[in-house]
1. Considering every residue within region 130-144, establish whether at least one is at pLDDT 95 or above, under 30 Å from ILE219 (Cβ atoms) and surrounded by fewer than 13 Cβ atoms within 10 Å (Cβ to Cβ).
2. State which residue is nearest to LEU138 (Cα to Cα) when the search covers only region 78-121 and only residues that are among the charged types (D, E, K, R) and part of a helix (DSSP H, G or I).
3. State the number of residues belonging to region 170-222 that are among the acidic types (Asp, Glu) and either at pLDDT below 95 or at positive phi (or both).
4. Restricting the search to region 57-94, which residues are over 26 Å from ALA207 (Cβ atoms) and among the β-branched types (Val, Ile, Thr)?
5. Report every pair of residues separated by at least 6 positions or lying on different chains whose Cβ atoms are under 6 Å apart, first residue within region 179-193 and farther than 16 Å from ALA207 by Cβ and of a type in the set (D, E, K, R), second surrounded by fewer than 17 Cβ atoms within 10 Å (Cβ to Cβ) and at pLDDT 90 or above.
6. Run down ALA105, ALA101 and say which single residue is among the aliphatic types (A, V, I, L, M) and exposed (fewer than 15 other Cβ atoms within 10 Å of the Cβ).
7. Have a look at SER38, SER46 and point out the one that is over 18 Å from SER129 (Cβ atoms) and either free of Cβ contacts under 8 Å to residues at least 12 places away in the same chain or among the hydroxyl-bearing types (Ser, Thr, Tyr) (or both).
8. With respect to the numbered conditions (1) assigned to a loop (DSSP other than H, G, I, E, B); (2) modelled with pLDDT under 95; (3) crowded, with 16+ Cβ neighbours inside 10 Å; (4) not basic (Lys, Arg), which one is the sole condition not fulfilled by HIS57?
Amino acid sequence: MHKRPALSAIPEKPPRKQQQRSIRTKQKLLNAALEAFSENGFKGTSTRNIADRAGVHHPLITYHFRNKDELWRAAVDRIFTEFNAALAAAAKAQAGECPKARMSALIRAYVHYAAGQPALHKIMVQEASRPSQRLDWLIDTHIRPLFDAAVEEIKVLQELGVAPPGDTKLLFNMIRVSSGALLALSLEFKGTSGIDMYQPGRLDELADMIISVFLPGDIEEE
């Protein structure tokens, strides 16, 4: 009589491989979503277009995300988590240094991250064009905490005579636009002025110029 193999002997697909494939699919969808939302905005992007960009079947979007809004928020969460990690690493590297050195390091990290991930500012520009619950969520969840912390740092630099006097919030917005939004317009810059922001050394040149313009003073050693 043929003996049926024990259940433990029946080969099964390792769940770890399934889990890894699911993670890869989700990452592909998030990458495609960032690209699509930054180029076309929320309303101009369809979940089918995102699936096509990711090279996956459309039903997999609803498997991983309930709807387009949830996918948008997940994509934004990821890009800001990476951005904040880059800023935190820069701040940690300058721990114990003077306030100007710390802010300079943050500006450099800001410039380099924005260059590597232009969707960061493109999505903000897309959402800032009209009032929406997404814009409110983006501000409250990600932008305002960064904004408030940076403004306090810049106030200290103004008191030390490093940063120019004036409205601190306006000053930070000028630094923020120079550090990131300029790179979101890199194609236009190249067309109008011939400046290629991705030439070797150009990003460091931009960061140096931002620091010299907005943090022109020096801290006097006691």
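1. Among the residues of region 130-144, at least one is at pLDDT 95 or above, under 30 Å from ILE219 (Cβ atoms) and surrounded by fewer than 13 Cβ atoms within 10 Å (Cβ to Cβ), which makes the answer yes.
2. Just the residues of region 78-121 that are among the charged types (D, E, K, R), to begin with: 78, 82, 92, 97, 100, 102, 108.
Retained after the next criterion (residues that are part of a helix (DSSP H, G or I)): 78, 82, 92, 100, 102, 108.
Details: ARG78: 12, GLU82: 15, LYS92: 26, LYS100: 28, ARG102: 26, ARG108: 23 Å.
That would be ARG78.
3. To start, the set of residues in region 170-222 that are among the acidic types (Asp, Glu) comprises 188, 196, 204-205, 208, 218, 220-222.
Next cut, either at pLDDT below 95 or at positive phi (or both) only: 188, 196, 218, 220-222.
Looking only at that region, the number is 6.
4. Taking region 57-94 and keeping what is over 26 Å from ALA207 (Cβ atoms), we get 57-75, 77.
Of everything in region 57-94, those that are over 26 Å from ALA207 (Cβ atoms) and among the β-branched types (Val, Ile, Thr) turn out to be ILE61, THR62.
5. Within 6 Å, the pairs are LYS190/ASP196.
6. Numbers: ALA105 fails: exposed (fewer than 15 other Cβ atoms within 10 Å of the Cβ).
After applying the criteria, what remains is ALA101.
7. Values: SER38 fails: over 18 Å from SER129 (Cβ atoms).
Just one listed residue meets the conditions, SER46.
8. Failed condition: (3).
The values are calculated or read from the model by the stated rules, or taken from the named source; none is laboratory data. The shown structure was predicted, so the numbers you read here are calculated from the model rather than taken from an experiment. Note that each Cβ is placed from the backbone with ideal geometry, even for glycine, and that neighbours are counted across all protein chains shown.
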